[in-house]
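**Q** Got a structure for you, questions after.
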Amino acid sequence: VVGQIRTLQVIGIGVGDPQYLTVGAIAALNSTDVFFFIDKPNATGDLAQLRDQLCRQFIVDHPYRIVHADEVERDRGAQQYGAAVADWHERRAELYERLIRDELSADSVGALLVWGDPTLYDGTLRILDRVSARGVVEFEYSVIPGISSVQALTARHQVAMNRIGESVQITTGRRIAQRERIDNTFVMLDAEFVAAEIDDSDLDIYWGAYLGTAEEVLIAGPLGEVSETIRRTRTELRAKHGWIMDTYLLRRR
Ligand SMILES: C[S@@+](CC[C@H](N)C(=O)[O-])C[C@H]1O[C@@H](n2cnc3c(N)ncnc32)[C@H](O)[C@@H]1O
């Protein structure tokens, strides 16, 4: 029907603290008819809890429905890595396509709530583009920015992301381990804290774990002096919570 197109909102909800939700995100929550909560089977953790809390706390007078679905798991034992990843992306696109087609009527608004900002190390937009490209369901989507872990980190440490005229880099633990050059570098997705292996007396580190949550921990100082403390703290926190999420900035002095 002309003029009736499904709409999806990809809403960044910030990293834990409800105060990180923007006014725009609150408006988007209040215009959503169907929320899609797509999680690993039996997921608990902060995202699942925060989503429920935000919906209850901020949606006034707008009826909505929540659709839960199990995320497609990657076949980690596959022989051919490239083929397995391609297959995984395709199966995720199929899942999202099915949900949009079956759960969202033509003139209604759906939403996906994404931890932090949806444009930083998150696969949601890539999947939606893939769904579009498949051409089976027609929909439009918008993106509502959220406070990312990088922004929460710098705000909590009260440091600017860049010094005057400098560039900023955001990268992963894996790439740091491959000896990527470091000047003003944010590191995410680093399960092992590879910075502990860097022997460079000119670097400072600003580290944060569970940013925006009640469990937040911050440590900063010359890398050589504090990296052992961070490593020990990570081990203790991981044992206590069963998992860890942390981010850090490495800065050349
Ligand atoms: C898949 S990425 C998602 C990033 C998210 N979209 C954002 O805007 O921050 C997950 C990584 O983000 C970082 N991260 C996310 N939330 C965090 C938090 N509350 N505290 C510290 N690091 C966090 C960690 O480096 C983690 O490995």
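The values are calculated or read from the model by the stated rules, or taken from the named source; none is laboratory data. A quick note: this is a predicted structure, and the numbers were derived from the prediction, not measured. With ideal geometry, Cβ positions are generated from the backbone for all residues, glycine too; neighbour counts draw on all protein chains shown. Just so you know, the surface numbers come from the protein's heavy atoms only, side chains and all, with ligands and any DNA or RNA stripped out. Shrake-Rupley method; radii C 1.70, N 1.55, O 1.52, S 1.80 Å.
**Q** Only one of (1) over 25 Å from Q9 (Cβ atoms); (2) within 16 Å of the ligand (Cβ to nearest atom); (3) buried (at least 19 other Cβ atoms within 10 Å of the Cβ) fails for V217. Which number is that?
**A** So V217 meets the others, but not (3).
**Q** Of the residues that sit in the range 232-253 and are open to solvent by 70 Å² or more (accessible area, probe 1.4 Å) and within 23 Å of the chain's Cα centre (by Cα), which one is modelled with the lowest pLDDT?
**A** Selected residue: W243.
**Q** Does V131 count as farther than 30 Å from R253 by Cα and either in a helix (DSSP H, G or I) or out of contact with any Pro (no Cβ under 7 Å at 6 or more places or on another chain) (or both)?
**A** It is true that V131 is farther than 30 Å from R253 by Cα and either in a helix (DSSP H, G or I) or out of contact with any Pro (no Cβ under 7 Å at 6 or more places or on another chain) (or both).
**Q** Could I ask something else about it? From the list G212, G208, which residue is in contact (Cβ under 8 Å) with a residue 60 or more places away in the chain and within 13 Å of the ligand (Cβ to nearest atom)?
**A** Answer to the selection: G212.
**Q** Right, something else. Within the set of pairs 6+ apart or on separate chains, which have a first residue in the range 103-128 that is free of Cβ contacts under 8 Å to residues at least 24 places away in the same chain, a second that is within 9 Å of the ligand (Cβ to nearest atom) and of a type outside the set (F, W, Y), and C-beta atoms under 7 Å apart?
**A** Pairs found: D122/V114.
**Q** Any idea how many residues of the range 155-177 are more than 12 Å from the ligand (Cβ to nearest atom), open to solvent by less than 70 Å² (accessible area, probe 1.4 Å) and of a type in the set (S, T, N, Q)?
**A** Count: 2.
**Q** Would you tally the residues in the range 178-198 being over 16 Å from L237 (Cβ atoms), open to solvent by 50 Å² or more (accessible area, probe 1.4 Å) and within 16 Å of the ligand (Cβ to nearest atom)?
**A** Looking only at that region, the number is 1.
**Q** Checking V85 against (1) more than 17 Å from the chain's Cα centre (by Cα); (2) of a type in the set (V, I, T); (3) surrounded by 14 or more Cβ atoms within 10 Å (Cβ to Cβ); (4) within 16 Å of the ligand (Cβ to nearest atom), which single condition isn't satisfied?
**A** Every condition holds for V85 apart from (3).
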